[in-house]
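The values are calculated or read from the model by the stated rules, or taken from the named source; none is laboratory data. The structure displayed is predicted, hence computed values, not measured ones. Note that we place each Cβ from the backbone using ideal geometry, even for glycine, and neighbour counts take in every protein chain shown.
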Amino acid sequence: MQTYYIVTMGCQMNENDSEKIAGMLEMEGYTKAANIENTDILVINTCSIRENANNRFFGNLGSFKTIKKEKPDMILAVCGCMMQQEEIVDIIRNKYRYVDIIFGTHNLYKFPQLLNERINGKKPVYEIIKDTSVIHEEIPIKHEYNHKAYVSITFGCDNFCTYCIVPYTRGREKSRTSENILNEVKSLANKGCKEIMLLGQNVNSYGKGLNEDIDFSKLLRRLNEIDGIQRIRFMTSHPKDLSDKMIDAIEECDKVCKNIHLPLQSGSNSILKAMNRKYTKEHYLSLIDKLRDKIPDITISTDIIVGFPSETEEDFMHTLDVVEKVKYDSAFTFIYSPRNGTIAAKMPYEISESTLKDRFDRLIKLQHGIMADLSEKYVGTVQEVLTDGFSKTDKNMLCGRTRSNKLVNFLGNSREGDIVNVLINNATPFHLKGEMLK
Ligand code: SF4
């Protein structure tokens, strides 16, 4: 039996793409290899969101040469966002000639065909196509878990934030029809799936360009009706498109988890303008007020970039001010790194390393303090937890997530996919600990 192994870098969209690659390979008769050393096909699904992702990829690619030397018949395929950048493909063609197949995000559906071309021919197969308006619904998906699944609802992005490469690598925004999404979720529910995570670069603008009367709030309401599904999550929400209708839908749909990821990026209006984010600090804070007025127990997470070009101490203080006011349940914090091909990469840069480090440390200290206080409030409460299996950090404990998306390690005897009640008896800023109630 021929085997495959997929290395996935980057975000949930990439993880979902890897599930499609696995689905196509299994359809062709391949099975998942136990480890990278024993695979017949090795697929590297790349991410280009940060410069260090590029460096990591080329570092890894160098190390795969050893595996390829020991197993010359193994097929090495590279795909994903980085492959939509011509200069990257040129480097691979010239310096990493042992790569057998290169394909991009827009021709993922053709992987089995490209693989057969490589197996039946002698030459490496490189095929990258530019953006297309077609969505390939026919691709089979091998979901990683039975009890929870990613469901992509849009592809690409039209927002062109000045620091971001995604609109160039994933193309213009396209929405799947509601019928296709509903059918996929019904089929998942029939197979025992309890939680879905709806994915899109900006789920709030779902429906744009479709020939039907639909938007994200209507989609949530329809998904909420599907028997078997017990939790609906979604990401990412762009603040500029978060409507009152959507906030109402989150509140009113009982299966929609009261949890939102709302990237702030910066609290300074001049930096938000330079980022082309199309909202202000005041608007962002008004959205938080609306969310909390309607849904008092909602949990909120965010993304923040420190040290965007021209960020002053005053700009940074605005970011700290928002963090202080919102009190995020979690935050992904990044030091700005320029991405080749973006507008921001051409902006003059004068922030010193020491200033960057100082700002980043202050932000982390503030955010971790907030998370510690918020986590502490869970101690003594009973939380509904969807069991994911054994904890990665403590094999004697199970782990899962609350509806509010808090990670919980707990003692008990539930199985993957069970929804159980857990008494929380300990908290750190990053996770909770507890004991399952009988
Ligand atoms: S909304 Fe902005 S940050 Fe998000 S994917 Fe689109 S361009 Fe990138």
Note to self: Quick check on this structure: which one of Ile247, Ile232 is within 15 Å of Ser404 (Cβ to Cβ), in contact (Cβ under 8 Å) with a residue 24 or more places away in the chain, out of contact with any Pro (no Cβ under 8 Å at 6 or more places or on another chain) and more than 16 Å from the ligand (Cβ to nearest atom)?
What the structure shows: Ile232
Check: Looking at (1) surrounded by fewer than 15 Cβ atoms within 10 Å (Cβ to Cβ); (2) under 17 Å from Leu115 (Cα atoms); (3) modelled with pLDDT of 90 or more, which is the one condition that is false for Met1?
Finding: (3)
Notebook entry, point to check: Can you name every residue in the stretch 342-385 that is under 16 Å from Ile305 (Cβ atoms) and touching a Leu at 6+ places or on another chain (Cβ under 8 Å)?
Noted result: Arg362, Leu363, Leu366
Notebook entry, point to check: When the stretch 337-350 is examined, which residues are found to be at pLDDT 95 or above and surrounded by 19 or more Cβ atoms within 10 Å (Cβ to Cβ)?
Noted result: Ala344
Note to self: So if I check each of Tyr349, Tyr378, which one is closer than 30 Å to Asn146 by Cα, touching a residue at least 40 places away in the same chain (Cβ under 8 Å) and more than 22 Å from the chain's Cα centre (by Cα)?
What the structure shows: Tyr378
Next item on the list: Select from the stretch 130-186 the residues that are part of a loop (DSSP other than H, G, I, E, B), in contact (Cβ under 8 Å) with a residue 60 or more places away in the chain, buried (at least 19 other Cβ atoms within 10 Å of the Cβ) and more than 14 Å from the ligand (Cβ to nearest atom) and list them in ascending order.
Entry: Ile141, His147, Ile153
Margin query: Anything in the stretch 147-158 that is over 17 Å from the mean Cα position of the chain (by Cα) and either in the same structural domain as Ile75 (by TED's automatic domain parsing) or under 27 Å from Gln265 (Cα atoms) (or both)? List them, or say none.
Written below: Asp158
Notebook entry, point to check: What are the residues in the stretch 187-203 that are more than 16 Å from the ligand (Cβ to nearest atom) and not polar (S, T, N, Q), if any?
Noted result: Leu188, Ala189, Lys191, Gly192, Cys193, Lys194, Glu195, Ile196, Met197
Check: So which strands (runs of 3 or more DSSP E) are wholly in the stretch 1-82 and hold at least 1 residues that are at positive phi and either in the same structural domain as Lys95 (by TED's automatic domain parsing) or under 19 Å from the mean Cα position of the chain (by Cα) (or both)?
Finding: 75-80
Item checked: Search result, residues across the stretch 119-129 that are outside any strand (DSSP E or B) and either crowded, with 18+ Cβ neighbours inside 10 Å or in contact with a Ser or Thr (Cβ under 8 Å, 6 or more places away or on another chain) (or both) -> Pro124
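Looking at Lys395, Lys357, which one is loosely packed, with under 15 Cβ neighbours inside 10 Å and closer than 30 Å to Asn259 by Cβ?
Of the residues listed, the single one that is loosely packed, with under 15 Cβ neighbours inside 10 Å and closer than 30 Å to Asn259 by Cβ is Lys395.
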Next item on the list: Scan the strands (runs of 3 or more DSSP E) fully inside the stretch 356-438 and keep the ones with 2 or more residues being among the polar types (S, T, N, Q).
Entry: 382-390, 419-427
